[in-house]
Amino acid sequence: MDAATGLFTRDLFAAHLSRLSRALDARQRPLSVAVLRIGERPEGVRLRQEGWLDRAIPQIGSMIGRLVRAEDTAARLATDVFALALPGAHEAAAKIAAERIAAVIACTAFDAGENQTPFTVGFDIGAAEVAPGESAAQALERAAARVMTRRAS
């Protein structure tokens, strides 16, 4: 488990996602994944340099873990990238779940230091459903690519 957030680590998530995909494929049930990446903001450079964003990550991760259904799995893939495995969910539902989580976290004010206005965090989001014959890892890559596409636009 990721020490800072209590979420699955990247490697543990990959192993779990693979097992989950095989189990749901055998039951002919859908599996979707979502990727949430902390979005860039003008004040983000200062917040990163001064470590305020790093201090907020444990709370952000904890919130993500608590905002998913019991059957879902949340993971921290990188410093500012989180992922969700949503068994029994189609892509549209995965996107809605990720947007809901992002909206709740966007309402949270994080400490930015003495005499500084607290900051909020937004996310770039991507979701994908595992297609027939596709691995869960490939779906995760598609979801991540959608995050990057949204970030570039």
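The values are calculated or read from the model by the stated rules, or taken from the named source; none is laboratory data. Just so it is clear, the model here is predicted, and its values are computed rather than measured. For neighbour counting, all protein chains shown are included, and Cβ atoms are generated from backbone atoms with ideal geometry for every residue, glycine included. Accessible surface areas use protein heavy atoms only, side chains included; no ligands, DNA or RNA. Shrake-Rupley method; radii C 1.70, N 1.55, O 1.52, S 1.80 Å.
For the reader, a short list of remarks on this structure follows.
- Count of the range 90-122 residues which are open to solvent by less than 10 Å² (accessible area, probe 1.4 Å), part of a loop (DSSP other than H, G, I, E, B) and over 26 Å from PRO42 (Cβ atoms): 0
- Elements of the type helices (runs of 4 or more DSSP H) sitting completely within the range 1-71 and holding at least 1 residues that are within 17 Å of ALA85 (Cα to Cα), open to solvent by 40 Å² or more (accessible area, probe 1.4 Å) and small (Gly, Ala, Ser): these cover 10-26.
- Any chance ILE64 is more than 20 Å from HIS16 (Cα to Cα) and hydrophobic (A, V, I, L, M, F, W, C): no
- Against the conditions (1) of a type in the set (D, E, K, R); (2) buried (at least 19 other Cβ atoms within 10 Å of the Cβ); (3) over 14 Å from the mean Cα position of the chain (by Cα), ARG76 satisfies every one except (3).
- Taking (1) in contact with a helix residue (DSSP H, G or I) (Cβ under 7 Å, 6 or more places away or on another chain); (2) within 17 Å of MET148 (Cβ to Cβ); (3) without any contact (Cβ under 8 Å) to a residue 24 or more places away in the chain in turn, GLN138 satisfies each apart from (1).
- Boolean, ALA128 is among the aliphatic types (A, V, I, L, M), over 19 Å from ALA144 (Cα atoms) and more than 12 Å from the chain's Cα centre (by Cα): no
- Sole exception among (1) surrounded by 21 or more Cβ atoms within 10 Å (Cβ to Cβ); (2) modelled with pLDDT under 95 for ALA145, by number: (1)
- Considering the range 125-138, and only residues there that are at pLDDT below 95 and outside any loop (DSSP other than H, G, I, E, B), the residue that is surrounded by the most Cβ atoms within 10 Å (Cβ to Cβ) turns out to be ALA136.
- All positions within the range 94-105 that are under 15 Å from ARG66 (Cα atoms) and among the hydrophobic types (A, V, I, L, M, F, W, C): ALA97, ALA98, ILE101, ALA102, ALA103, VAL104, ILE105
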